[in-house]
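Enquirer: The structure's right below; bear with me while I get my questions together.
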Amino acid sequence: MKEIIQDLTFAELSALVAKEGEKAFRAGQLWHGLMQGRKISAITDLPNRFKESLLRRFEDEPVRIAETLTSADGTEKYLFELADGNLIEGVFMRYKYGNTQCVSTQVGCRMNCAFCASGLNGLIRDLSAGEILCEVLAVNALHGGTPDKRAVTNVVLMGSGEPLDNYDNVVRFLRNVTAEGGICISPRNISLSTCGIVPKMYALAEEGIPVNLTVSLHNADDAERARIMPVAKAYKIADILKACDRYFEKTGRRYIFEYSLIHGENADKAHAEKLIALLKGRPCHVNLIRLNEVKEKALAGADEKEAYRFLGMLEKGGLSATLRRRTGADIGGACGQLRASRLRGE
Ligand code: SAH
């Protein structure tokens, strides 16, 4: 594979332009074209010899939308093909306040959570910062957005992969997606979800990019959590909470816990009580979602009644919580489901 030009910051692009012997204003034209989601070959205001030189070194289209599925509720799911043929996926969700793009950060995942389709074949490779950015740029362009009038207003790092297991590339992505003059999405409109890699949570707090931090909790008890999330053997909930508090201290951002309701596993009264005892009084919010059932996994989602009962208990217990609607369940909305079905040859 060639290099990915979208990995570069504007300052790095400017240095490249100078090294190529081009005039300085070409950097602005190049950056602007790339941020519009254009291929290098399709940036019309650049001289051909310069583009040819760039194309010898860089991929023209690092991320291509290979397939789009549209849900009855307007959610769109994409299968993206990378330059080396690997497949990742992304979801575009329409809300009243704007449109959210869910991006993948790795091909596959090595966390192997019991309920998740992303880890079915382990980790294949990390995505580069530019590949993650290209997911956003491609979908923004698909919906007619430009950097000045964005179609993608919010980004969540909740697709395949564990963002904090690909730390340097993810932080570079965050810098470029929030950069002024680029697509410039505010850190407030970005959420990064982690299974709880504690040392990297502390590191993220120091980066000066105050994105919303979300932790996949799914159980308030370490031993039970480890049953469905192997990573819980390495990082205890008490330490995750300390890292969250540090994040809050540094950024002023309230943190969020994801809790996927699994029938017979974490969705009854005793589990609600344990969660309340753990989180009460903390500057946090709990996002409940009913598990999206994955073909290869034997776990069942809580039904609607059970989910509302759980939500009611949390609210009565003094927690801030919401039950998220399951968007795109008819198109394999959950992490890794589309890729898994294509890898099965469906
Ligand atoms: N690796 C990161 C981000 C990706 S997953 C993390 O663990 O947070 C985004 C969220 O979807 C996580 O909370 C994950 O636990 C949850 N999830 C994965 N598969 C799911 C499924 N089948 N149904 C419901 N939620 C799921």
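The values are calculated or read from the model by the stated rules, or taken from the named source; none is laboratory data. Since the model is a prediction, treat every value here as computed from it, not as a measurement. Here Cβ is always computed from backbone atoms with ideal geometry, including for glycine, and neighbour counts include all displayed protein chains. Just so you know, the surface numbers come from the protein's heavy atoms only, side chains and all, with ligands and any DNA or RNA stripped out. Shrake-Rupley method; radii C 1.70, N 1.55, O 1.52, S 1.80 Å.
Enquirer: In terms of modelled amide H atoms, which long-range or inter-chain residues lie less than 5 Å from the amide H of Phe80?
Expert: Those lying under 5 Å, H to H, from Phe80 are Ala66, Ile88, Glu89, Gly90.
Enquirer: May I ask for the distance between the Cα centers of the stretch 26-51 and the stretch 241-272, given as a whole number of Å?
Expert: 44 Å
Enquirer: Using per-residue counts of other Cβ atoms within 10 Å, averaged over each peptide, order 34-42, 212-220 from highest down.
Expert: 212-220, 34-42
Enquirer: Quick one: which residues, 5+ away or cross-chain, put their amide H under 5 Å from the amide H of Ala267? H built at 1.01 Å from N.
Expert: When sequence neighbours closer than 5 places are left aside, the close amide H contacts are Ile262.
Enquirer: Over the C-alpha atoms of the stretch 124-238, what are the Rg and the largest Cα-to-Cα span, Dmax, in Å?
Expert: My reading of the Cα-based Rg and Dmax gives 15.5, 48 Å.
Enquirer: Quickly work out the Asp245-to-Lys23 label distance, labels modelled 7 Å from Cα along the C-beta direction, and quote it in nm with one decimal.
Expert: 5.9 nm
Enquirer: Ignoring ligands, DNA and RNA, how do Ser191, Ser320 rank by accessible area with a 1.4 Å probe, largest first?
Expert: Result of the area sort, largest leading: Ser320, Ser191.
Enquirer: So what's the projected area for the chain, the Cα convex hull averaged over all directions, in nm²?
Expert: Approximately 17.1 nm², given one-decimal rounding.
Enquirer: Using helices alone, what [θ] at 222 nm do you get for the chain, with -39,500 (n - 2.57) per DSSP H run of 4 or more residues, divided over all residues and rounded to the nearest 500?
Expert: Per the formula, -10000 deg cm²/dmol.
Enquirer: Still on this structure, please answer the following. Based on the Cβ-Cβ distance of Ala15 and Tyr202, what FRET efficiency does E = 1/(1 + (r/R0)^6) give at R0 = 25 Å, to the nearest 0.05?
Expert: 0.20
Enquirer: Now a separate question. Whole number in Å², please: accessible area per residue of the stretch 63-343, 1.4 Å probe, ligands, DNA and RNA not counted.
Expert: That works out to 40 Å² for each residue.
Enquirer: Please label the shape of the stretch 143-192 as rounded, prolate or oblate, based on the square roots a ≥ b ≥ c of the eigenvalues of the alpha-carbon gyration tensor (a/c under 1.5 means rounded; beyond that, a/b larger than b/c means prolate, else oblate).
Expert: prolate
Enquirer: Same structure again: Please report the carbon-and-sulfur percent of the accessible area for the chain; probe 1.4 Å, protein heavy atoms only, DNA, RNA and ligands left out.
Expert: Within the chain, the accessible surface is 49 percent carbon and sulfur.
Enquirer: Under a 10 Å cutoff between Cα atoms, tell me which one of Arg325, Arg253, Arg110 has the largest fluctuation in the Gaussian network model of the chain.
Expert: Arg325
Enquirer: How large is ³J(HN,Hα), in whole Hz, for each residue of the stretch 227-234 in order, when computed from phi with the Karplus curve 6.51 cos²θ - 1.76 cosθ + 1.60 and θ = phi - 60°, using x for Gly and Pro?
Expert: Residue by residue, the stretch 227-234 yields 5, 10, 9, x, 4, 5, 6, 8 Hz.
Enquirer: Let me ask you something else. Give the angle, between 0 and 90 degrees and rounded to the nearest 10, that separates the Cα long axis of helix 237-251 from the longest principal axis of the Cα atoms of the chain.
Expert: Rounded to the nearest ten degrees, it is 50.
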